[in-house]
Amino acid sequence: MKTSVVSNEQSNGSIWAVALRSSLLLIVVCGIVYPLVSTGLAQLIFPSQANGSMVKDSSGNVVGSELIGQSFKDPSFFQGRVSSIDNDAAGSGSNNYAPSNPELLKRVQESVAQWKKENPEVPFSQVPVDLITNSGSGLDPHISPASALAQVSRISALRTISQDQLKALVTKYTEGRDLGVFGEERVNVLKLNLALTELSK
Amino acid sequence: MEILQMIIVIAVLLLLVKPVGTYLFHIFSNEPNRTDRVFGKIENVFYKIIGLKNRSSMGWKKYVFSMIITNIVLVAVSYIILRLMGGLPGNPNKIGNMEATLSFNTVISFMTNTNLQHYSGESGMSYFGQMAVITMMMFTSAASGLVVAIAFIRGITRRGEGLGNFFEDFIKAHVRLYLPIAVLVTLVLVGLQVPQTLSPTAVVHSLSGVEQQIPMGPIASLESIKHLGTNGGGFFGVNSAHPFENPRPITNVIEILSMWTISAALPYTFGLFARNKKQGWIIFTAMMTLFIAFLCLTYFSEKAGNPVINQLGMDSSIGSMEGKEVRFGVAQSALFTTVTTAATTGSVDNMHDTLTPLGGLAPLAEMMLNVVFGGKGVGFVNMMMYAILGVFICGLMVGRTPEFLGRKIEGREMKLIAIAILAHPFIILVPTAISFMTHLGTDALTNPTYHGLSQSLYEYTSSAANNGSGFEGLADNTTFWNVSTGLVMLFGRYISIIALMGVAGSLASKKLVPETIGTFRTDNKLFAGILIGTVLLIGALTFLPVIVLGPVAEFLTLK
């Protein structure tokens, strides 16, 4: 087989040289110039988004990022999804339990028992499954609107705020599907709880 | 609404195939066109810097040799950076040097476009490492793969003029395709709240009064090329499930289309090179048919949920949510999973380890077949390999010399194709078997019984297919897994590239056979059917037993 009968072939020596020089060029262009130029443009055009979409409370203190879920153990707050890393954003991850793993059932049953203890009056068949399953990132900032509504009666009793007020709050903080069609309706737990603390004052 | 949103994404993809495929053709056909005015000058500067004086076309051996040499240099420099990054600038979070076998695994992983990650970005990689090694390799490995596919297409559609000049193609892929689109996608992602900063990890006092560390960094610039180049390696350990990498459903859609479009447009580009658009669409149709079948399998399995949890009696109508994010739900998760394993990207927006048994079977099967769109390079080229095999089998059945695109398919090509087809299952099944013979392998499994088998199988399948997603429960940052998956990734990438470029070189030098009434046509629906049949037949013969032992057994026993 003679396929390489092309004239003016580069010698193998010069291929090494060109390969080395193109590698160095691309390390500089793709590895340094591109991310730095992107950072510059991003900081210029979208400073808030580029720096993690931080949220402040009413007195101006940064309390977190609206994109990163927080842990709310206190039952007088709306609670987010199960997080095996306890929403510690220094890492990210989940248990990675397979559907057939007995540990999964055990963990879910513990969450269910805890839920039933804290919310005795809510019919269990109305509790959405996202409340007792681990999110993919362990940092999911959202729950489904139904999951927020299922917590209203508990919070209403603990904070002596009327259920109607709380339901209105949940509706106000329910985000629709993107462009009306993509993804799912959701409630940002941190923003909802910030509003809840305002309401309680 | 759930099914509608998946249909809309597929429809947008269909609209993008023609313009993107045409653009790719303009870039690499090397005929003068309008894009020269914008990019020609930049390229000439780049050619000067790298000392490329002679842009003549190369034979297949020289082309592959140039690619491998360039890859070796990039691997060497990157390895050195990872081993020394603790002391280099751009490290505000004070991250240490990377360990030797983990560095080996990481540089191989990113150079081969696999992006299997045995480290976690937030704790194991400095900002400089994320940029100069990870982001850089996301460009160069994607460009390496893409230009090989282009050279292959030239070989099987043109005669006797070599396969093109590797360095010219390589620079063009960066300047005209990846860099401009990456900057654009980066800015869109930042606008939609993906961070892009050099500030160190933020420390805040959360609403419930505890300290929360929030790592950030140059995320958006990595995120865009991660998908455009079908790379898939995340800035963070959980990849595109992390709210900073993928904050909204619309960013999920953008990431899906970013990784899918160029791969899906390649068959159209091929049609333009072959001066037979119908031929391109037939290949595309075969890929899309397989894709939709796998998407349905994943979506309906996830929607049905996990029977173990469903029987507890709560409202599980939204489907299986373990390992998924609320903003994506089942539809956006299933679509992402099916696309990322089709386009051999390997990013994940939900945890594949937690998928229901049949929902997890679909991504596994797509990587085993490795022809459903495919990432840059190997995916499309693999489908062409099956096309030639299909032609060969049909030729045998009717008793005439098989031809493809007017060229006779003979012993030499079939031997090379046999090597490529057999190598793939060999480097998946043998290492999986070995991993079960030693505690070095079995110690890493974190789920019991059948799913444990799936975990190991998935890891090697993902490595061999250069995908990079994982059943991530696997405790894989050990010398055994770093080295074994590193080798599988190397073989998975380069054996098939060398064999198939050999096929292209061989076909390029053949005389054209005139088309007659007896010629077996490869641009009609019948051939699309034959192609799908060949892929499924070979796939089932090689992988069915192990699939029955893993996901199918788990499905049947799950109550």
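The values are calculated or read from the model by the stated rules, or taken from the named source; none is laboratory data. Since this is a predicted model, take the numbers as computed values, not measurements. Cβ atoms come from the backbone with ideal geometry, glycine included; neighbour counts cover every protein chain shown. Just the protein is used for accessible areas: all its heavy atoms, side chains included, with ligands, DNA and RNA removed. Shrake-Rupley method; radii C 1.70, N 1.55, O 1.52, S 1.80 Å.
Candidates B:Leu507, B:Leu549: the one that is part of a helix (DSSP H, G or I), in contact with a Lys or Arg (Cβ under 9 Å, 6 or more places away or on another chain) and aliphatic (A, V, I, L, M) is B:Leu507.
Taking the range B:448-457 only, how many residues are in contact (Cβ under 8 Å) with a residue 40 or more places away in the chain and open to solvent by 10 Å² or more (accessible area, probe 1.4 Å)? Working first, answer last.
To start, the set of residues in the range B:448-457 that are in contact (Cβ under 8 Å) with a residue 40 or more places away in the chain comprises B:449-451, B:453-455, B:457.
Pick out the ones that are also open to solvent by 10 Å² or more (accessible area, probe 1.4 Å) and you get B:449-450, B:453.
Selection size over the range B:448-457: 3.
Annotation note: of A:Gln70, A:Gln79, the sole residue that is of a type outside the set (Val, Ile, Thr), more than 7 Å from every other protein chain (Cβ to nearest Cβ) and crowded, with 16+ Cβ neighbours inside 10 Å is A:Gln79.
I'd like to know if the range B:130-143 contains one or more residues that are closer than 30 Å to B:Pro267 by Cα, more than 9 Å from every other protein chain (Cβ to nearest Cβ) and open to solvent by less than 10 Å² (accessible area, probe 1.4 Å).
Yes, the range B:130-143 contains at least one residue that is closer than 30 Å to B:Pro267 by Cα, more than 9 Å from every other protein chain (Cβ to nearest Cβ) and open to solvent by less than 10 Å² (accessible area, probe 1.4 Å).
If you go through the range A:176-189 and keep only what is out of contact with any helix residue (DSSP H, G or I) (no Cβ under 9 Å at 6 or more places or on another chain) and either open to solvent by 30 Å² or more (accessible area, probe 1.4 Å) or modelled with pLDDT under 95 (or both), you end up with A:Gly176, A:Gly180.
Answer yes or no as to whether B:Leu198 is surrounded by fewer than 24 Cβ atoms within 10 Å (Cβ to Cβ), at the interface with chain A (Cβ under 8 Å from one of its Cβ atoms) and at pLDDT 95 or above.
Working: surrounded by fewer than 24 Cβ atoms within 10 Å (Cβ to Cβ): yes; at the interface with chain A (Cβ under 8 Å from one of its Cβ atoms): yes; at pLDDT 95 or above: no.
Considered against the rule, which asks whether it is surrounded by fewer than 24 Cβ atoms within 10 Å (Cβ to Cβ), at the interface with chain A (Cβ under 8 Å from one of its Cβ atoms) and at pLDDT 95 or above, B:Leu198 comes out as no.
With respect to the stated conditions, B:Glu43 fails to be among the charged types (D, E, K, R) and either open to solvent by 40 Å² or more (accessible area, probe 1.4 Å) or at positive phi (or both).
If only residues of the range A:31-67 that are in contact (Cβ under 8 Å) with a residue 12 or more places away in the chain and open to solvent by 30 Å² or more (accessible area, probe 1.4 Å) are counted, the one that is farthest from the other protein chains (Cβ to nearest Cβ) is A:Ser58. Checked against (1) more than 9 Å from chain A (Cβ to nearest Cβ); (2) of a type outside the set (A, V, I, L, M, F, W, C); (3) over 27 Å from A:Leu20 (Cα atoms), B:His205 meets all criteria but (1).
Whenever a residue of the range B:534-547 is in contact (Cβ under 8 Å) with a residue 24 or more places away in the chain and farther than 21 Å from B:His451 by Cβ, its partners that are open to solvent by less than 50 Å² (accessible area, probe 1.4 Å) and hydroxyl-bearing (Ser, Thr, Tyr), lying with C-beta atoms within less than 6 angstrom and at least six residues away or across chains, give the pairs B:Thr534/B:Tyr386; B:Val535/B:Tyr386. Take the conditions touching a residue at least 12 places away in the same chain (Cβ under 8 Å), among the acidic types (Asp, Glu) and assigned to a helix (DSSP H, G or I) and apply them to B:Glu302. Does it pass? Yes: the conditions hold for B:Glu302. Just one of the listed residues (B:Gly323, B:Gly280) is over 16 Å from the mean Cα position of the chain (by Cα), more than 8 Å from chain A (Cβ to nearest Cβ) and open to solvent by less than 10 Å² (accessible area, probe 1.4 Å), and it is B:Gly280.
Among the residues of the range B:295-312, are any farther than 19 Å from B:Gly359 by Cβ and open to solvent by less than 10 Å² (accessible area, probe 1.4 Å)? For the range B:295-312, residues farther than 19 Å from B:Gly359 by Cβ and open to solvent by less than 10 Å² (accessible area, probe 1.4 Å): absent. Of the residues making up the range B:109-135, those that are modelled with pLDDT of 90 or more and farther than 18 Å from B:Leu228 by Cα number 5.
Taking the residues in the range B:430-447 that are among the aliphatic types (A, V, I, L, M) and assigned to a loop (DSSP other than H, G, I, E, B) as candidates, determine which candidate is least open to solvent (accessible area, probe 1.4 Å). Spell out how you get there, then give the answer.
Step one: filter the range B:430-447 for residues among the aliphatic types (A, V, I, L, M), giving B:430, B:433-434, B:437, B:440, B:444-445.
In the following step, the residues that additionally are assigned to a loop (DSSP other than H, G, I, E, B) were identified as B:437, B:444-445.
Working: B:Met437: 155, B:Ala444: 4, B:Leu445: 41 Å².
Checking each candidate, the answer is B:Ala444.
Give the range B:292-317 a look and list any residue that's touching a Ser or Thr at 6+ places or on another chain (Cβ under 7 Å) and either at the interface with chain A (Cβ under 7 Å from one of its Cβ atoms) or not small (Gly, Ala, Ser) (or both), or say none. Of everything in the range B:292-317, those that are touching a Ser or Thr at 6+ places or on another chain (Cβ under 7 Å) and either at the interface with chain A (Cβ under 7 Å from one of its Cβ atoms) or not small (Gly, Ala, Ser) (or both) turn out to be B:Phe294, B:Leu295, B:Thr298, B:Glu302, B:Asn306, B:Ile309, B:Asn310, B:Gly313, B:Met314, B:Asp315. Could you please find all residues in the range B:217-237 being modelled with pLDDT of 90 or more and within 7 Å of chain A (Cβ to nearest Cβ)? Result: B:Pro218, B:Ala220, B:Ser221.
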